1. Take residues that are at pLDDT below 95 and open to solvent by 60 Å² or more (accessible area, probe 1.4 Å) and tell me which of the strands (runs of 3 or more DSSP E) falling wholly in region 356-441 contain 3 or more.
2. Write out, first by first residue and then by second, each pair whose Cβ atoms fall under 7 Å of each other, whose residues are 6+ apart or on separate chains, and whose first residue, in region 89-117, is without any contact (Cβ under 8 Å) to a residue 40 or more places away in the chain while the second is of a type in the set (Asp, Glu) and open to solvent by less than 10 Å² (accessible area, probe 1.4 Å).
3. Restricting attention to region 445-456, does a residue exist that is at pLDDT 90 or above, of a type in the set (Gly, Ala, Ser) and open to solvent by 20 Å² or more (accessible area, probe 1.4 Å)?
4. I need the full set of residues from region 304-316 which are outside any loop (DSSP other than H, G, I, E, B), in contact (Cβ under 8 Å) with a residue 40 or more places away in the chain and open to solvent by 70 Å² or more (accessible area, probe 1.4 Å), in order please.
5. Scan region 252-270 for residues that are away from the ligand (no atom under 16 Å from the Cβ), of a type outside the set (A, V, I, L, M, F, W, C) and out of contact with any helix residue (DSSP H, G or I) (no Cβ under 6 Å at 6 or more places or on another chain) and jot them down.
6. Kindly indicate the residue of region 440-461 that is among the small types (Gly, Ala, Ser) and within 21 Å of Glu272 (Cα to Cα) and also farthest from the chain's Cα centre (by Cα) among those meeting that condition.
7. With the requirement that a residue be hydrophobic (A, V, I, L, M, F, W, C) and either touching a Ser or Thr at 6+ places or on another chain (Cβ under 6 Å) or without any contact (Cβ under 8 Å) to a residue 40 or more places away in the chain (or both), what does region 261-280 give you?
8. What pairs come out if I take residues in region 281-303 that are of a type outside the set (S, T, N, Q) and pair them with residues that are within 16 Å of the ligand (Cβ to nearest atom) and part of a loop (DSSP other than H, G, I, E, B) whose C-beta lies under 7 Å away, six or more apart or interchain?
Amino acid sequence: MDIFRILSRGASLKKTKGVSADFSLAKPAVESTAKKDDLDTEIEKEVDFFHQKDHKKRESAKPEPEDEEPTFEPSVEPTRKVLTTEEALQLRKSYGAKVSGDDLHLPIGSFEDLVTRFKLNKQLLDNLISNGFTEPTPIQCEAIPACLADRDLICCAPTGSGKTLAFLIPMVQQLGKGRKNHGVRGLVISPTKELAAQIFNELTKLCKGSSLQIGVLNKSIAGKLRNRVLASSKFDILVSTPLRLIDLIGEEVMDLSKVEQVVFDEVDKLFESKFVEQTDRVLTACSNPRLRRSIFSATVTSSVEELANSIMNSPIRIIIGHKEAANSNIEQKLVFCGNEHGKLLALREMLRKGEFKPPVIIFLQSITRAKALFHELLYDRLNVDVIHAERTQLQRETIIDRFRKGELWCLICTDVLARGIDFKGINLVINYDVPTSAQAYVHRIGRTGRGGRSGKAVTFYTKEDTLAIKPIVNVMKQSGWEDGMAGWLKNDLSKLTKREKKQIKQKAVDRKPISTVPAVVRKKRKQRKEMIEASKKRKLLEQSSSN
Ligand SMILES: Nc1ncnc2c1ncn2[C@@H]1O[C@H](COP(=O)(O)OP(=O)(O)OP(=O)(O)O)[C@@H](O)[C@H]1O
């Protein structure tokens, strides 16, 4: 059954009984009728990409403890094989995939299926299994065989559903068979350095025991290439942001003419105006006539698809679930805070009520605001740190590492960490400031509910957010979380005009500063600071004139 159709069936799908006027997080409703249980079991089956739940036993099963780790144990079912078009259709229906294009290939039913059909390298299979990847997710079932059949690909699948392995497995398999030390043959482009580093980590897991030379274009490697201590031909597969790459292309120390496969991860970001020129230059440098291109994201808009189609050869289009929809493992809620001050109160209320269950990520719209909230939360003795574009690469890496290890409980950030970053087990995402588009919302909240786990997302809004909240409301409706909204929002679902959308994206809402310190005290502190600065300057002047 079509996953979107199921999730948008209206009243019977309301998953929560949240009340947006207070600050409590919504609790799953207790279902009473057998009919609704059947429907929910059906929904669960379709959205359980990681096959973690025993759907047959739903009624009698005890609720799962919230902190329980997903097991990813090998399936008890016999290894799934897809041998006919009918079986393929059946499988696609079961996970809500829409696959289109010329000469479609059968999906795989299991990683073992790759061994029989595509002679998957034994070491690669061992690496998958030893890292706990025993069953492919839907995007992997579909994208891996299409890649291995040398097709261009347009892929859209929910956040946290395993897109990284969907493009890395076929790349490692195919390039592992080819000539080594021949130059860069596989290229993965990501919009941020953090994501590039993470993709490289996944790649390292897959390449254990292989002779493939892999690398991530960080500052140190870029320096070596620039000083010609290292040649780009040393690498078989490279992961990079576009800017690092084109700098080196410009300095003629990066040769991409041998690239056979290029993947654009978070493609809608890479096709945005800030990046599109860089992306285009990378593509131009990949001059191999046999180049294969793939694009991946949880949000692939029509304009991105149009652009992709113009650079691809008869691509296969794979959509899992609904384009631009939020991951259905995430419980979503809106909280009306009245004004800026109300947001801090709402946050503290969550802390008081024990609803602030670490690890937590909080997103804000600007560096200044992220810093301000960080200083506020330090007063609350929260184990917290902040990441934004003004922090050095080393600071960013250290903070991410500490957050991953559980040494930090709460991470405050700007949209710099909104995409792709895979922190396992995030319990809660708070949008302290409303994101500027439906896509930004889907990616931000997608930092929770990953790899089959469940998660919560709370979005604070004030009366200044009347326009910006609409796209978020639509995403919530689409994912069946209407109960997390106030009544007026449910009723006022008129879509934004193109002009309004542009307006929101271009100019973030002007917000009052984040602080519990009264304005009069802030003013006095500012005056004092200015007086001290002025006195320092005077002293310096006096000293220099007396010398
Ligand atoms: N077949 C699998 N079995 C178990 N876990 C998996 C499998 N494939 C991927 N994962 C895990 O699922 C998590 C999410 O995967 P990944 O980061 O690739 O998501 P994504 O779809 O790229 O998300 P986003 O859109 O946010 O970038 C990772 O921790 C990854 O290791």
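1. none
2. Short answer, once both residue conditions are applied: Pro107/Glu142.
3. yes
4. Asn309, the sole residue that qualifies.
5. Answer for region 252-270, where residues must be away from the ligand (no atom under 16 Å from the Cβ), of a type outside the set (A, V, I, L, M, F, W, C) and out of contact with any helix residue (DSSP H, G or I) (no Cβ under 6 Å at 6 or more places or on another chain): Glu252, Ser257, Lys258, Glu260.
6. The selected residue is Ala440.
7. Val263, Val267, Leu270, Phe271, Val276
8. Ala298/Ala157; Ala298/Pro158; Ala298/Thr159; Ala298/Gly446; Val300/Lys323
The values are calculated or read from the model by the stated rules, or taken from the named source; none is laboratory data. Just so it is clear, the model here is predicted, and its values are computed rather than measured. For neighbour counting, all protein chains shown are included, and Cβ atoms are generated from backbone atoms with ideal geometry for every residue, glycine included. In case anyone asks, the SASA skips ligands and DNA or RNA and just uses the protein heavy atoms, side chains included. Shrake-Rupley method; radii C 1.70, N 1.55, O 1.52, S 1.80 Å.
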